[in-house]
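A quick write-up on the structure given underneath.
The values are calculated or read from the model by the stated rules, or taken from the named source; none is laboratory data. Given the structure is predicted, the values throughout are model-derived calculations rather than measurements. Ideal geometry is used to build each Cβ from the backbone, glycine not excepted, and the neighbour counts take in all protein chains shown. For accessibility, only protein heavy atoms count, side chains too; no ligands or nucleic acids. Shrake-Rupley method; radii C 1.70, N 1.55, O 1.52, S 1.80 Å.
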Amino acid sequence: MTHAPPGYACPFCRYAAGVGNELVGPEHVVEQTPETVTFVAPRAWGRCEGLLVIPTEHHENLYDLPDGLGAPLLWATRRAALALKLAERCDGVSTRQHNEPAGNQDVWHFHTHVFPRWHGDGLYQAEPWSPERTHMAARAERLRAAITTSM
């Protein structure tokens, strides 16, 4: 079952192709493999500025993923979590993945949120905000260095 509206122009497909927009550009990519792209999320909640991990090919949600894509996506998610631990010295990491409107999905391309966490950070009570692009680019650079160092 597809939930994307007719003529949906998927922003994540554009990111995977290296084409940005007013929210995210190529400078915000932390890591790219043939199967995945990890980039700085254009929305944050409180202190928790996360990353998004997406497949390079368009798959609307978890139900639509080919079996062989599970391992590369989990590998990329793990690397994102380790980079956050090293670069941001967070106390922990949370991951979230949403499917369908009732599951709070709002971009019709499979994606996993990877959040740095600190004790008492109030992630689930915080209002979303949008970091500035230059701030996002600096974070991406630090996280790219952390991935290279920690792996």
Could you please let me know if L73 is within 27 Å of H3 (Cα to Cα) and in contact with a Pro (Cβ under 7 Å, 6 or more places away or on another chain)?
-> yes
Answer residue from the range 128-151, given it is in contact with a strand residue (DSSP E or B) (Cβ under 6 Å, 6 or more places away or on another chain) and not in a loop (DSSP other than H, G, I, E, B) and is surrounded by the most Cβ atoms within 10 Å (Cβ to Cβ) among those | L143
Which condition number does P5 fail, the rest of (1) open to solvent by 30 Å² or more (accessible area, probe 1.4 Å); (2) at pLDDT 95 or above; (3) part of a loop (DSSP other than H, G, I, E, B) being met?
-> (2)
Name every residue in the range 82-97 that is open to solvent by 30 Å² or more (accessible area, probe 1.4 Å) and part of a loop (DSSP other than H, G, I, E, B), in order of residue number.
-> R89, D91, Q97
Residue under evaluation R79, criteria (1) within 28 Å of E127 (Cα to Cα); (2) at pLDDT 95 or above; (3) surrounded by fewer than 15 Cβ atoms within 10 Å (Cβ to Cβ), criterion not met | (3)
Is there a residue being out of contact with any strand residue (DSSP E or B) (no Cβ under 6 Å at 6 or more places or on another chain) and among the β-branched types (V, I, T) anywhere in the range 69-79?
-> no
G18 fails exactly one of the following numbered conditions: (1) part of a helix (DSSP H, G or I); (2) at positive phi. What is the number of that condition?
-> (1)
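Counting just the residues of the range 108-127 that are part of a loop (DSSP other than H, G, I, E, B) and of a type outside the set (F, W, Y), which one comes out nearest to G70 (Cα to Cα)? Walk me through how you get there before you give the answer.
Of all residues in the range 108-127, those part of a loop (DSSP other than H, G, I, E, B) come to 108-111, 118-122, 126-127.
If we keep only those that are of a type outside the set (F, W, Y) as well, we get 109, 111, 119-122, 126-127.
Numbers: H109: 15, H111: 12, H119: 30, G120: 31, D121: 30, G122: 30, A126: 30, E127: 31 Å.
So, considering only residues that are part of a loop (DSSP other than H, G, I, E, B) and of a type outside the set (F, W, Y), the one nearest to G70 (Cα to Cα) is H111.
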Look through G50, G25 and report the one residue that is open to solvent by less than 10 Å² (accessible area, probe 1.4 Å), within 12 Å of the chain's Cα centre (by Cα) and either touching a residue at least 40 places away in the same chain (Cβ under 8 Å) or under 19 Å from R139 (Cα atoms) (or both).
-> G50
Complete set of residues in the range 113-124 that are buried (at least 22 other Cβ atoms within 10 Å of the Cβ) and not aliphatic (A, V, I, L, M) = F115, P116
Breaking point among (1) in contact with a helix residue (DSSP H, G or I) (Cβ under 6 Å, 6 or more places away or on another chain); (2) open to solvent by 20 Å² or more (accessible area, probe 1.4 Å); (3) of a type in the set (A, V, I, L, M), for V40 = (2)
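Within the range 53-81, track down each residue that is closer than 16 Å to A137 by Cα and in a loop (DSSP other than H, G, I, E, B). Show your work before the answer.
Here is the first cut: in the range 53-81, the ones closer than 16 Å to A137 by Cα are 80.
Across the range 53-81, there are no qualifying residues.
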